[in-house]
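Enquirer: Have a look at this one before I ask anything.
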Amino acid sequence: MSIALILNSGRANEWKLEINKHLPETKVEIYPDIQNYDEVEFALCWKPEAGYYTHFPNLKVIQSGGAGIDHLFPKSIPSHIHTCRIVDPMLKSDMFEHVLTCVMHSMKNFSAYVREQRKKHWHPLVYKSIGQTCITVLGLGEIGGYVAERLVELGFQVNGWSNSPKNIQGVISFTGIEGLSLAVEQTDFVVNVLPLTDATSGILNHEFFSLCPKGTVLLNVGRGDHLVDDDLIEAIDKGQITDAYLDVFHQEPLPPEHLFWNCSSIFITPHVASRTNIGSSVLQVVDNYRRMAAGQPLLNEVSLKKGY
């Protein structure tokens, strides 16, 4: 048996080193430099090319290198191959810190003060306080639920919208299309942490923005395909969305000619809201490899039908 690392992230050597610390007798190879494709039963993947799993006739487990699986082409993965994701406390904590940074940056008018500084204007602005601020979190899974819970602890008013009702203390939970409208009708911020599925692709569109109060601030830390780019530009032009903090995009890196670069109301970060911490995540990968070898249930296995 061997492990193949199919990682489009420049971190393959780091993963290989960490895995071999725990599995010194196991062959760990970086694709495409695989000595024997028939030996590979376990593949750790991040944004692989289409059809990657077809190279390994005895593949049993595809392990995502992150919290999502949409980058693995889940619709085409054969049902006999088990697919797992990373659930790491560091991922959740980092995402919360990123969201909080964006929210506070907006609440306290820092973007406006940067513009005023360039003009050498002294212009105090009215700001909001935490207790006066409502945040709607779209997606209450492992990461979204944690973000919502932490925001409540700080004193924010928090709504949550998800596929099924969730019981998170202090979070008002909504589901369904009708629930989506109720979740955002009086919100100040929308934080998207949804998984990418057929049902959620393009959900941040003209219809959704029209449900939000005028002046809503959008944070998209889910996936780029959740957002209809042109609809966001239109919503900003109309004042429906005041600012947008975007960490994920349809194409990454974001092309230089994209309109987002030149929109002063859009704040771009290069998919850094939460990155997989290899040191803390490697134990899950190693544990799943050992479980596979022993024929035991795997950690954090996902439903390919649901997409999460």
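Enquirer: What 222 nm value per residue comes from the helices of the chain, counting each DSSP H run with n ≥ 4 as -39,500 (n - 2.57) and dividing by all residues, nearest 500 deg cm²/dmol?
Expert: Result for the chain: -9500 deg cm²/dmol, rounded to the nearest 500.
Enquirer: What does the charge count around Val272 come to, taking other residues whose C-beta lies under 12 Å from its C-beta (Lys +1, Arg +1, Asp -1, Glu -1)?
Expert: So the surrounding residues net to -3.
Enquirer: Still on this structure, please answer the following. In whole Hz and in residue order, list the ³J(HN,Hα) couplings for the range 77-87 that follow from phi through the Karplus curve 6.51 cos²θ - 1.76 cosθ + 1.60, θ = phi - 60°; x for Gly and Pro.
Expert: 5, x, 5, 7, 8, 7, 10, 10, 10, 8, 10
Enquirer: Any idea what the relative contact order of the chain is, in percent, if you count C-alpha pairs under 8 Å spaced at least 6 apart?
Expert: 17
Enquirer: So what are the three principal axis dimensions of the range 21-130 from its Cα atoms, in whole Å, longest to shortest?
Expert: 68, 29, 26 Å, listed from the longest principal axis down.
Enquirer: Residue by residue through the range 265-273, which ³J(HN,Hα) values in whole Hz follow from phi under the Karplus form 6.51 cos²θ - 1.76 cosθ + 1.60 (θ = phi - 60°), with glycine and proline marked x?
Expert: 8, 10, 10, 9, 10, x, 6, 10, 4
Enquirer: Restricting to the range 49-188, what percent of DSSP beta bridges are antiparallel, rounded to 5?
Expert: Bridges in the range 49-188 are about 0 percent antiparallel.
Enquirer: Compute the helix-to-body angle for 278-294: its Cα long axis versus the longest principal axis of the chain, expressed 0 to 90° and rounded to tens.
Expert: It is inclined by approximately 40 degrees.
Enquirer: Mind checking which of Gln117, Trp161, Ile143 is farthest towards the positive end of the range 86-209's charge dipole, using Cβ charges of +1 (Lys, Arg) and -1 (Asp, Glu) about the Cα centre?
Expert: Comparing the listed Cα positions along the dipole, Gln117 ranks first.
Enquirer: Further question on the same structure: Which entry in (1) 188; (2) 128; (3) 146 is this structure's computed volume of the Cα convex hull per residue in Å³?
Expert: Checked against the structure: label (3).
Enquirer: Which length gain, in nm to one decimal place, applies between Asp230 and Asn262 when the Cα-Cα distance is subtracted from 0.36 nm times their residue separation?
Expert: That works out to 10.2 nm of additional length.
Enquirer: Moving on. Quick one: which of 122-132, 289-299, 46-56 comes out on top by average Cβ neighbours within 10 Å, and what's the full order, highest first?
Expert: 46-56, 289-299, 122-132
Enquirer: In sequence order, what are the phi-derived ³J(HN,Hα) couplings for the range 302-307 according to the Karplus relation 6.51 cos²θ - 1.76 cosθ + 1.60 with θ = phi - 60°, rounded to whole Hz, with x for glycine and proline?
Expert: 10, 8, 5, 5, 6, x
Enquirer: Would you mind checking which residues have amide H under 5 Å from Phe174's amide H? H placed 1.01 Å from N; only 5 or more apart, or other chain.
Expert: Here the answer is Gly160, Trp161, Ser162, since their amide H atoms fall under 5 Å of that of Phe174.
Enquirer: Is there a quick way to get the dipole size of the chain? I mean about its Cα centre, with the Cβ of Lys and Arg at +1 and of Asp and Glu at -1; what is the value in debye to the nearest 20?
Expert: Approximately 620 debye in magnitude.
No lab work stands behind these numbers, since they all come straight from the coordinates. Note that this is a predicted model, so its numbers are computed, not measured. Every residue, glycine as well, gets a Cβ built from its backbone with ideal geometry; the counts of neighbours run over all protein chains shown.
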